[in-house]
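Step one of this worksheet: look at the structure below.
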Amino acid sequence: MNTAGLKAVFLQERATLLRLFAGRLGNAAEAEDALQDLWIRLESAKPGPVADPVPYLYRMAMNLALDRRLSAQRRSDRDRAWSETQPSASEIPDAERVLVVRDRLKHVEAAIAAMPERARTALRLYRIEELSQREIAAEMGVTISAVEKLLRRALRQVSDAGRRIDMPDDSAKGNDGE
Amino acid sequence: MSEYNVVDQAIAWRLREPALDADGWRMLVEWLEMPAHAAAYDAVALDHAVLGEVAALRQATPAVVADAMPARRFRAGGMPWAFGSIAVGAVAAAVAVVVMSPTGQAPGNSAYEVAAAPGKRQAVSLADGTQIELSGGTRLRLDRADPRAVALIEGEAVFHVRHNEQAPFTLNLGEWKVRDIGTMFNVERKGAMVKLQVGEGAVALEGPQQRLRLSRGGAVSMRGDLEAATIFHVAPESVGGWRERRLAFSGERLAEAADRIARMDGSDIRIAGELIDRPFTGMIHLTGEAGKDVPYFAAMIGAKWRRNGDQWILSSTEAFPQ
């Protein structure tokens with residue numbers, strides 16, 4: 001699948017993509033803007049052959065939406081002085097992502113240090129080596145469902161680390177933050 | 001429904017994502033339309049990014065190479081990845097950690113080299129707490145007698161320098177040297193070409209006759225002397241982006257850009273003809289696999305590529321990609 005093929009898939013999935021952006025970004029105008037951004041990226045970024053265009057496109061859209069959400073979160077305290085010298089506009093959200101990531105890092109590191117070795121291994125194979133759950137199962141000599149369980153529990157511990165859970169519709173029941 | 005379930009669901013979606021088909025994605029889009037779901041998903045997705053930065057996951061078991069290190073070239077990439085999955089593209093840049101000790105100084109020549117082969121990486125921790133991350137195709141010379149003096153012979157590395165008023169850290173770059181003022185910075189060197197970007201703190205770049213002070217976000221690109229240097233600003237967070245396989249270019253010659261990609265991927269890339277001197281601006285996120293990265297780079301610069309054995313040859317084309 002080449003760029004032309006991806007664009008055809010984009011047009012075919014346009015309504016759902018717009019819905020994704022609208023849901024993630026909260027308003028129609030920004031959703032349209034993000035959709036256009038995605039289209040431009042398809043034009044400029046020439047991916048290698050893409051075997052499965054639909055998931056590829058959605059993942060691209062999801063990452064784009066996530067960058068925009070993080071970006072909006074940081075916009076108020078952003079140092080704009082650098083923006084003019086940025087090599088490309090698309091790098092700005094990445095830089096912001098780095099800042100947000102840094103804020104979370106120590107909590108996540110602490111959670112990982114407290115995990116059993118097996119959980120750490122599973123996380124590394126999943127996140128750093130980007131193996132599928134099937135491959136992780138083969139690597140660790142356990143069943144796929146055991147891998148899934150291990151990863152779910154480990155990711156849950158990571159998610160809870162240092163985070164006060166403030167869901168809009170739920171009373172606070174999370175662990176102690178900070 | 002408790003918030004625990006929402007977070008668990010978000011994690012389950014995230015885990016399934018790589019295998020979702022079009023219908024699966026439609027269901028996920030629908031699921032995300034609940035604000036509570038969206039908030040949980042964001043947190044999980046952010047943690048996914050954070051996990052990529054966790055040193056305990058990135059590093060293979062640290063090995064201690066101390067005392068007895070002879071004054072010869074250290075073999076890079078000699079540390080096998082702990083698991084036998086090197087064939088997977090994402091693992092191409094296995095990270096090894098070498099811990100140096102200042103004790104046990106060898107008599108006579110106390111200098112030694114640390115190198116990362118093309119396509120590999122290497123991390124070095126010095127006894128004073130200074131840490132150095134070497135990109136592929138990089139050679140450093142260290143001195144056991146003077147741990148505060150390091151030379152970058154060629155390649156690219158990020159330095160996290162522990163400041164010490166009494167013993168300033170010096171990085172030698174041929175005629176030039178960088179003196180830190182407590183800092184993190186990235187340096188790239190090839191012969192007389194030096195590029196320096198400061199991510200934290202400040203450094204002084206000193207030549208035979210000139211001196212330049214750069215602080216956070218400051219960057220310089222030069223060949224020979226400061227008269228012809230380009231001094232500019234970068235986003236401090238983007239300094240050392242090669243560690244996430246992100247390479248940013250702002251007007252470098254294509255030959256230099258290709259060189260940098262080749263070092264990261266351990267590949268051999270040649271830019272043919274008039275393309276060599278064309279400036280290139282843009283950012284590339286490498287996969288670590290030349291088979292994916294080189295054709296992508298070629299497409300970005302509107303070039304044709306072909307292979308000649310292990311060498312990739314990029315040449316100009318009149319036919320614009322549609």
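The values are calculated or read from the model by the stated rules, or taken from the named source; none is laboratory data. Fair warning: this is a prediction, and the values are worked out from it, not measured in the lab. Using ideal geometry, Cβ is built from the backbone for each residue, glycine included, and neighbour counts are taken over all protein chains shown.
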Across region B:270-313, the tally of residues that are without any contact (Cβ under 8 Å) to a residue 60 or more places away in the chain and in a helix (DSSP H, G or I) stands at 15
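What do you reckon, is A:Arg102 more than 11 Å from chain B (Cβ to nearest Cβ), at pLDDT 70 or above and outside any loop (DSSP other than H, G, I, E, B)? It would help to see each step written out before you state the result.
Values: more than 11 Å from chain B (Cβ to nearest Cβ): no; at pLDDT 70 or above: yes; outside any loop (DSSP other than H, G, I, E, B): yes.
Taking the combined requirement at face value, the residue does not satisfy it.
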Scanning region B:219-238 for residues that are surrounded by fewer than 22 Cβ atoms within 10 Å (Cβ to Cβ) and either under 17 Å from B:Thr138 (Cα atoms) or touching a Pro at 6+ places or on another chain (Cβ under 9 Å) (or both) gives B:Asp225
Selection over region A:111-131 where residues are facing another protein chain (nearest Cβ under 7 Å) and closer than 15 Å to B:Ile11 by Cα yields a count of 2
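Looking only at residues that are within 18 Å of the chain's Cα centre (by Cα) and modelled with pLDDT of 90 or more in region B:172-188, which one is surrounded by the most Cβ atoms within 10 Å (Cβ to Cβ)?
In the first step, residues of region B:172-188 are kept if they are within 18 Å of the chain's Cα centre (by Cα); the result is B:183-188.
If we keep only those that are modelled with pLDDT of 90 or more too, we end up with B:184-188.
Working: B:Met184: 20, B:Phe185: 27, B:Asn186: 23, B:Val187: 24, B:Glu188: 23.
Checked region B:172-188; the qualifying residue surrounded by the most Cβ atoms within 10 Å (Cβ to Cβ) is B:Phe185.
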Selection from region B:239-269 of residues hydroxyl-bearing (Ser, Thr, Tyr) and either over 23 Å from B:Ala116 (Cβ atoms) or free of Cβ contacts under 8 Å to residues at least 24 places away in the same chain (or both) yields B:Ser250
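Among the candidates B:Gly217, B:Gly241, single out the residue that is touching a strand residue (DSSP E or B) at 6+ places or on another chain (Cβ under 9 Å), modelled with pLDDT of 85 or more and facing another protein chain (nearest Cβ under 10 Å). Don't jump to the end; show me each part of the working.
Numbers: B:Gly217 fails: modelled with pLDDT of 85 or more.
Answer to the selection: B:Gly241.
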With the first residue restricted to region B:18-30 and required to be more than 7 Å from chain A (Cβ to nearest Cβ) and buried (at least 16 other Cβ atoms within 10 Å of the Cβ), and the second required to be in a helix (DSSP H, G or I) and of a type outside the set (Gly, Ala, Ser), Cβ contacts under 6 Å at 6 or more apart or on different chains are B:Leu28/B:Trp13
Of the residues in region B:215-262 that are closer than 20 Å to B:Phe159 by Cβ and β-branched (Val, Ile, Thr), the one that is nearest to the chain's Cα centre (by Cα) is B:Val239
Given the conditions (1) in contact with a strand residue (DSSP E or B) (Cβ under 7 Å, 6 or more places away or on another chain); (2) within 16 Å of B:Trp242 (Cα to Cα); (3) crowded, with 23+ Cβ neighbours inside 10 Å, every one holds for B:Leu152 apart from (2)
